[in-house]
Structure formats: C-alpha cells, structure tokens
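Trainee: Take this structure, written in structure tokens, and hold onto it; I'll ask about it next.
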Amino acid sequence: MKLESLLLIPKKGPVVAIDGPAGTGKSSATKRLAERLGFVHVDTGALYRAIAYALLSEKGWLEQGVAELSPDDELRAVEISKTSELRFERNPKKNPANRIFQNGKDITSFIRTPEVSMAASKVSAVPGVRKALYGLQRTMGGQGKTILEGRDIGTVIFPDADVKFFLTASVEERAKRRLAEFEASGADAPSFEEVKRQITERDQGDMSRAVAPLKKAHDAVELDTSRYTLDEVVDWMEKEIRSRLKT
Ligand code: DC
C-alpha cells in the first residue's frame, strides 16, 4: 500500500504530535501531558528500539552494538519490522509505565541501553523499516485522543495532527539530563564528553537520513527547553493544547 493511501486511515479523535531530538524532554513531557489530558501516549521511538533490539539480539551484538549496518542487516531489519507483532500495554494499575511487547515478550527493560539507542538510529534510517512501521503508528495514533512523540510525527505520520510541537535544547543541557538519568537508574555512567558525542552522532544520523529526517513541521510550535524546568514546559504545553483544542 502506498504511504499516501495510508494517510487516509482516518483519525478518530484529536492528535497531538511532539517531535524533537533525544534529550529535549519529549518523553517526560509527553508522559505527563497524557496523564493530565487523559490522552493515550504513543512512544514511537520504542518501536524503532524494538526492531534494533531484535536485530542486535539475533546477531549477538547486544553488548557491543553496531557502528554500521550491512545491506544484509538492513534487509533483516526490514523483515523483522514486517513480521514483528508490536503492542503497548497501558494498564496503570498493573504497570505504572507503558510497556512494549514484541511477539508477546515484554522487552521494555532492554531497549534503553546506549547500544540499542545507537542501533535504533541506524535502523530508523532504513526506508523499508520506516514504511513497515508507518501504518502501525497511524493506526495506534488514530484511535482516539492521542499524543505521539517521535521525529517525524508532525511531518510524515500525522501531518494532519491538531497540535504540533518541536522541542529543542542545547547539546550540553541534553547531555546533563542524560547523565542525571544514568545516575538515577544506578547504571554506570559514561563521561560527559562521551554522552555529548553520542547525542551529536545520533542527531546527525536522524537529521541527515534521506527518508523522514528529523525536522520541524512548518506548522509546529517550537520550544527551546534548555532554560526551563520540566514542570514549566509541561504547564506551557498543556495551556497551548487546551487553547487549541478548546478543552
Ligand atoms: O525517541 P527515541 O530516542 O526513543 O528514538 C530512538 C531512535 O528512533 C532515534 O534515534 C530516531 C528514531 N526515531 C525515528 O526515526 N522516528 C520516530 N518517529 C521516532 C524515533
């Protein structure tokens, strides 16, 4: 099916699109906004992470990651994207956070490592992978009141979103936030310079890929979150959403 015809999958309720590079506060802001507004949160990055995780697992590369994908790896990533059954489970009583399942297995706790992050950026540049996940995102996001976070939500997946945001932040600020996350999780933290290098490398990959590169939609509201707390960002976004959706 052509992408243009998939756009005809109608959305059954308001859609909020939140795009921007890693570490800008997208995930935390989206989570809180979904709770406050009673919207379903769709973390589209987790889908690319799931494909990357499956590929790394198969190859035995979970520890070392992958610097470049060979043409065979790319074909395999497309195959995995087409054949994986991916779903989110949102049961606040059972699981406070969204869980992601791939072919029935809960992979939530395996997909946030630096190796999977980098591999997710690589597989997300493969056009066949993006195409395979397109309909799923459109379907998940079209089910009612939804808020989606990603890189191409406002430009490609939901150009017809009701409200669009593009979040940015300086590389230094984003590296600081990543390090704080490492510390909070108790995991071994890389150096500040290493985190900065990884962020810059991932940005370059995400922004320079040929298909659906990370960029601001012409009608998105841009916010540099560097100088604001998460609460300030969420308060401002909530106001903006409520005024645009008249809720
Ligand atoms: O948001 P995240 O860091 O979990 O995303 C992981 C990778 O997936 C990121 O490097 C880019 C890619 N991605 C994408 O290309 N398009 C999306 N809509 C979401 C994520």
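Trainee: Are any residues in region 1-17 open to solvent by 10 Å² or more (accessible area, probe 1.4 Å) and either acidic (Asp, Glu) or modelled with pLDDT of 90 or more (or both), and if so, which ones?
Mentor: Within region 1-17, GLU4, LYS12, GLY13, PRO14 qualify.
Trainee: Further, regarding this structure: Going through region 214-244 one residue at a time, which ones are outside any helix (DSSP H, G or I) and in contact (Cβ under 8 Å) with a residue 40 or more places away in the chain?
Mentor: Of everything in region 214-244, those that are outside any helix (DSSP H, G or I) and in contact (Cβ under 8 Å) with a residue 40 or more places away in the chain turn out to be LEU214, LYS215, LYS216, ALA217, ASP219, ALA220, VAL221, GLU222, LEU223, ASP224.
Trainee: Please find, among SER185, SER121, the residue that is free of Cβ contacts under 8 Å to residues at least 24 places away in the same chain and of a type in the set (Gly, Ala, Ser).
Mentor: So the residue among SER185, SER121 that is free of Cβ contacts under 8 Å to residues at least 24 places away in the same chain and of a type in the set (Gly, Ala, Ser) is SER185.
Trainee: Checking the conditions here, which among ALA169, ALA220, ALA175, ALA180 is within 19 Å of VAL15 (Cβ to Cβ) and either within 21 Å of the chain's Cα centre (by Cα) or surrounded by 14 or more Cβ atoms within 10 Å (Cβ to Cβ) (or both)?
Mentor: Exactly one of ALA169, ALA220, ALA175, ALA180 is within 19 Å of VAL15 (Cβ to Cβ) and either within 21 Å of the chain's Cα centre (by Cα) or surrounded by 14 or more Cβ atoms within 10 Å (Cβ to Cβ) (or both), namely ALA220.
Trainee: Scanning region 198-210 for residues that are open to solvent by 20 Å² or more (accessible area, probe 1.4 Å) and more than 9 Å from the ligand (Cβ to nearest atom), which turns out farthest from GLU173 (Cα to Cα)?
Mentor: Checked region 198-210; the qualifying residue farthest from GLU173 (Cα to Cα) is ALA210.
Trainee: Continuing with the same structure: Looking only at region 134-156, count how many residues are buried (at least 24 other Cβ atoms within 10 Å of the Cβ), assigned to a helix (DSSP H, G or I) and more than 8 Å from the ligand (Cβ to nearest atom).
Mentor: Final tally of qualifying residues: 2.
Trainee: Quick test for you: out of ARG202, ARG197, pick the one residue that is within 19 Å of the chain's Cα centre (by Cα) and not acidic (Asp, Glu).
Mentor: None of the other options fit; the residue is ARG202.
Trainee: A follow-up question, please. So which of LEU167, LEU245 is within 15 Å of the ligand (Cβ to nearest atom) and touching an Asp or Glu at 6+ places or on another chain (Cβ under 9 Å)?
Mentor: When all the criteria are applied, what remains is LEU167.
Trainee: Still on this structure: Name every residue in region 167-194 that is in contact with a Leu (Cβ under 8 Å, 6 or more places away or on another chain), closer than 11 Å to GLY23 by Cα and part of a helix (DSSP H, G or I), in order of residue number.
Mentor: none
Trainee: For region 76-99, state whether one or more residues are in a helix (DSSP H, G or I), open to solvent by less than 30 Å² (accessible area, probe 1.4 Å) and β-branched (Val, Ile, Thr).
Mentor: Yes: one or more hits.
Trainee: Among the listed residues GLY45, GLY20, which satisfies the condition of being open to solvent by less than 20 Å² (accessible area, probe 1.4 Å) and modelled with pLDDT of 95 or more?
Mentor: Only one candidate passes the filter, namely GLY20.
The values are calculated or read from the model by the stated rules, or taken from the named source; none is laboratory data. Computed from a predicted model, the values in this text were never measured in an experiment. Cβ: placed from backbone, ideal geometry, glycine included. Neighbour counts: every protein chain shown. We work out accessible area using only protein heavy atoms, side chains counted, and drop any ligands, DNA or RNA first. Shrake-Rupley method; radii C 1.70, N 1.55, O 1.52, S 1.80 Å.
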